[in-house]
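Presented below is the structure to which this report refers.
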Amino acid sequence: MSTVPSGASSLAPEDAHRALAEIVRVAGRDVLATLARWTGNLALAEDAVQDASLRALQTWPRDGIPDSPVAWLRTTARRRAVDLIRREAARRPKEALALGPLTDAVLPEEDPGPEVVEDDLLRLVFTCCHPSLAPETRVALALRTLCGLSTEEVARALLVSEPTMAKRLTRARQKIRVAGIPYRVPSAQDLPERWDTVLATTYLVFNEGYAATAGPELTRPALVAEALRLTRLLQRLRPQDPGSTGLLALILLQDSRRAARTDAAGGAVLLADQDRTRWDHTAIAEAVPLVGEGLRLSPAHPDPYVVQSAIAACHALAPSWDETDWAAIESWYEVLLRVDDGPVVRLNHAVAVAEARGPQQGLDLVDAIEGLREYPLWHATRAALLRRLDRTDEAAAADDLARNLPLNAVQRDLLDR
Amino acid sequence: MTQYAALIYGADNDWTQPQYADTTAEYAAFAEAAGAVIRGGAALYPTSTATSVRVKAKGGTPLTTDGPYAETKEALTGFYLLECADLDEAVRVAATIPAAWDGVVEVRPVIEFPM
């Protein structure tokens, strides 16, 4: 162990603390993944890792950051887990006996290598995103265990009270344990569908931050940052998978517009009106090659996330709304309809057709879509196209319908203008 | 001789908790008194631990949702006791029970009380 906090000594105290907390958080996640496998009990593993993390935050500023933070945390958390198991066994000896290997206070002493830790992380990903858990539970578990947020931080990120979130997480861990949600990578047969659930959960985290349906703000950047962190982890764990590559590109591209999406007063700004110099061009530069990579990984049947990222890239690379290559966007939407048909995709396709070929062609497609009568953007799109065709009365009626459906406050403000 | 399954509807409690010891003891007393006719039975963990499984058609991919099947049209009508390695295996087996395409099968873990 070094005698001074290496690398952190020259920083301001609050920066040093933040850097330390980040090290503990990332290392803690790796340790949790392994400890969950060793103990077969996610709740117990989380308690042990949380205890070890607190101890690290207390002692490292004084004693220095250890040479291997992961090894330090793992040793400390393992010791804590053994204590917890022994205490439980002493308190309820009969139950301990019945639960068998769960309470065997024998944990491997040897640290796993980095490859094993990566495998453990992937197992944990599949456990937290198991289809037998409710989507909102998967989101909360992913933030808690895969992103390493505290229960309080998860509650704040998802706009629920801390007791509510604590209860939801406790129930989820109990279900994982007693219902036997497995801690392993699914069989080759189940893997594609299970991985889709993992990606969908990650996209839900992003979308909750990017297009918040609740609360006064249009975006919640902290949640977007967590989604990005999670997607980078997924891409690292399965680099040959087109979905995670496409999802990473898509999130980077959509989030690259964040600064331009709201005006000084916090109101929403439509894509057509955004100041494109305020887009995050570093994120765009990272994302565009990923789009190509995603297409290379799924040439015959492009992955839906890759196709969506290709559409987002067309926007990201266009100098202005008018100079956008709408014909290219229209044909990408046709590919998307082929691999992932749905009413919202049809609506977006119709918007692209309206720009590429004219409002009447777009409106015909919009009117042909079934199942979006409760979706405010369907009415808002009709209103905009009707207005361009000088059918103002019908446009006003469509606007009224759009306004009477639920939206977050910023989106409502946009419809009101 | 015919076997019967007695399905118990009541409070959605976690019967492993100590405050339900009296109720558990009453069930133990019932089980002892009726021991001559009881062939099998189980106490279940709360509905928060349940997974519902269905398939679009026989042999289809299982679609799962969190929690019990709550709609009132169908009520719990029977149960199999399955011993599986984990929930994935249990879901695979449950998806082959006819009710999976003609209703819904709820997979819920069983409490193993210490003897």
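Quick notes on this structure:
- All positions within segment A:113-150 that are part of a loop (DSSP other than H, G, I, E, B), more than 14 Å from every other protein chain (Cβ to nearest Cβ) and hydrophobic (A, V, I, L, M, F, W, C): A:Cys147, A:Leu149
- When A:Thr324, A:Thr381 are screened for being surrounded by 14 or more Cβ atoms within 10 Å (Cβ to Cβ) and outside any helix (DSSP H, G or I), only A:Thr324 passes.
- Output for segment A:262-279, where each listed residue is outside any loop (DSSP other than H, G, I, E, B) and either β-branched (Val, Ile, Thr) or surrounded by 18 or more Cβ atoms within 10 Å (Cβ to Cβ) (or both): A:Thr262, A:Ala268, A:Thr277
- Residue match in segment A:64-76 (condition: in contact with a helix residue (DSSP H, G or I) (Cβ under 7 Å, 6 or more places away or on another chain) and closer than 22 Å to A:Phe126 by Cβ): yes
- A:Gly209 meets all of the listed conditions (1) at pLDDT below 90; (2) assigned to a loop (DSSP other than H, G, I, E, B); (3) buried (at least 17 other Cβ atoms within 10 Å of the Cβ) but one, namely (2).
- Selection within segment B:42-62 - surrounded by fewer than 16 Cβ atoms within 10 Å (Cβ to Cβ) and modelled with pLDDT of 85 or more: B:Lys56, B:Ala57, B:Lys58, B:Gly59, B:Gly60, B:Thr61
- Only listed residue being within 23 Å of A:Gly358 (Cα to Cα), modelled with pLDDT of 95 or more, assigned to a helix (DSSP H, G or I) and not acidic (Asp, Glu), chosen from A:Ala287, A:Ala313: A:Ala313
- In segment B:1-26, the residues that are at pLDDT below 80 and over 19 Å from the mean Cα position of the chain (by Cα): B:Met1, B:Thr2
- Meets criteria (modelled with pLDDT under 90 and within 14 Å of chain B (Cβ to nearest Cβ)) for A:Val178: yes
- Single unsatisfied condition, A:Asp67 versus (1) within 30 Å of A:Asp196 (Cα to Cα); (2) at pLDDT 90 or above: (1)
- Close pairs (8 angstrom Cβ cut-off, 6 or more residues apart or separate chains): under 21 Å from B:Gly40 (Cα atoms) in segment B:1-23, modelled with pLDDT under 70 and among the hydrophobic types (A, V, I, L, M, F, W, C) anywhere: B:Ala5/B:Phe79; B:Leu7/B:Leu76; B:Leu7/B:Phe79; B:Tyr9/B:Leu76
- Annotation note: of A:Arg338, A:Arg346, the sole residue that is basic (Lys, Arg) and either in contact with a Lys or Arg (Cβ under 8 Å, 6 or more places away or on another chain) or surrounded by 16 or more Cβ atoms within 10 Å (Cβ to Cβ) (or both) is A:Arg346.
- With respect to the conditions (1) surrounded by fewer than 22 Cβ atoms within 10 Å (Cβ to Cβ); (2) part of a helix (DSSP H, G or I), A:Pro66 lacks only one, and its number is (2).
- Residue in segment A:244-252 that is part of a loop (DSSP other than H, G, I, E, B), among the β-branched types (Val, Ile, Thr) and either modelled with pLDDT of 90 or more or at positive phi (or both) present: no
- Taken over segment B:92-115, the criterion of being within 7 Å of chain A (Cβ to nearest Cβ) and surrounded by 13 or more Cβ atoms within 10 Å (Cβ to Cβ) is satisfied by B:Pro109, B:Glu112.
- As a summary of the residue check, A:Arg55 satisfies the conditions (1) within 26 Å of the chain's Cα centre (by Cα); (2) at pLDDT 90 or above except for the one numbered (1).
- Of all the listed residues (A:Arg184, A:Arg171), the sole one being within 14 Å of chain B (Cβ to nearest Cβ) and closer than 15 Å to A:Val139 by Cβ is A:Arg171.
- Checklist (1) modelled with pLDDT of 95 or more; (2) buried (at least 19 other Cβ atoms within 10 Å of the Cβ); (3) β-branched (Val, Ile, Thr) applied to A:Thr282, failing item: (2)
- Qualifying residue in segment B:27-41 (condition: assigned to a loop (DSSP other than H, G, I, E, B), modelled with pLDDT of 80 or more and not acidic (Asp, Glu)): no
- Taken over segment A:223-252, the criterion of being under 24 Å from A:Glu152 (Cα atoms), of a type in the set (A, V, I, L, M) and touching a residue at least 24 places away in the same chain (Cβ under 8 Å) is satisfied by A:Leu223, A:Val224, A:Ala227, A:Leu228, A:Leu230, A:Leu233.
The values are calculated or read from the model by the stated rules, or taken from the named source; none is laboratory data. None of the values given here were measured: they were computed from a predicted structure. Methodologically, a virtual Cβ is constructed for each residue, glycine included, from the backbone with ideal geometry; neighbour enumeration extends over all protein chains shown.
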